[in-house]
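A short write-up of the structure that comes next.
The values are calculated or read from the model by the stated rules, or taken from the named source; none is laboratory data. Everything numeric here is computed off the predicted structure, so don't read it as measured data. So basically every Cβ, Gly included, is an ideal-geometry build from the backbone, and we count neighbours across all protein chains shown.
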Amino acid sequence: MKISRTKFVIIFLVSAFAFQVISNLLLGPVNHGEWFPGTDSPIAWKHTLAAILYPIKIVLVGPLAPIFNDPDPAPPVRLLACAIYWTAIALVLHFLLSKIITRKKEK
């Protein structure tokens, strides 16, 4: 891959945070105990959009459930947990994509 690892991680983090904010704004407020807003919405487009975004949100925030279920954590804790988890995902993704691209160039 021609993109540096640091640049890839930064772009991934910004994109993940933007995805979370935009999807939560579109689908409505997150009620206590409701992890994925819009899944129980009577509005058809919100329900459909939630069904499409649900698998992506499972990967991005699913393993962070204990932190998000805490009723009153310090805001930097959630931000830091997301950043660390998403950095790990970005590094693994960068490694896998660089291996795939290298193999394609060899053939």
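Tabulated data for the structure shown
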quantity: Residue that is within 16 Å of Phe12 (Cα to Cα) and small (Gly, Ala, Ser), where the choices are Ala51, Ala88; calculated: Ala88
quantity: Single match in Ala18, Ala65 (criterion: exposed (fewer than 15 other Cβ atoms within 10 Å of the Cβ), at pLDDT 85 or above and closer than 18 Å to Leu80 by Cα); calculated: Ala18
quantity: Cross-chain or 6+ apart pairs with Cβ under 8 Å, region 59-79 first and more than 21 Å from Ser15 (Cβ to Cβ), then surrounded by 13 or more Cβ atoms within 10 Å (Cβ to Cβ); calculated: Ala65/Trp35; Pro73/Ile67; Val77/Ile67
quantity: Residue check for Pro71: at pLDDT 75 or above and not aromatic (Phe, Trp, Tyr); calculated: no
quantity: Exclusive hit being of a type in the set (A, V, I, L, M, F, W, C), within 22 Å of Arg5 (Cβ to Cβ) and modelled with pLDDT of 80 or more, set Leu49, Leu79; calculated: Leu79
quantity: Filter pass, Gly33 being surrounded by fewer than 11 Cβ atoms within 10 Å (Cβ to Cβ) and modelled with pLDDT under 80; calculated: yes
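Quick grid of which residues meet (1) within 20 Å of Ala18 (Cα to Cα); (2) part of a helix (DSSP H, G or I):
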{"position": "Ile56", "(1), (2)": "yes, yes"}
{"position": "Gly62", "(1), (2)": "yes, yes"}
{"position": "Ala65", "(1), (2)": "yes, yes"}
{"position": "Pro71", "(1), (2)": "no, no"}
{"position": "Leu80", "(1), (2)": "yes, yes"}
{"position": "Ala88", "(1), (2)": "yes, yes"}
{"position": "Leu91", "(1), (2)": "yes, yes"}
{"position": "Thr102", "(1), (2)": "no, yes"}
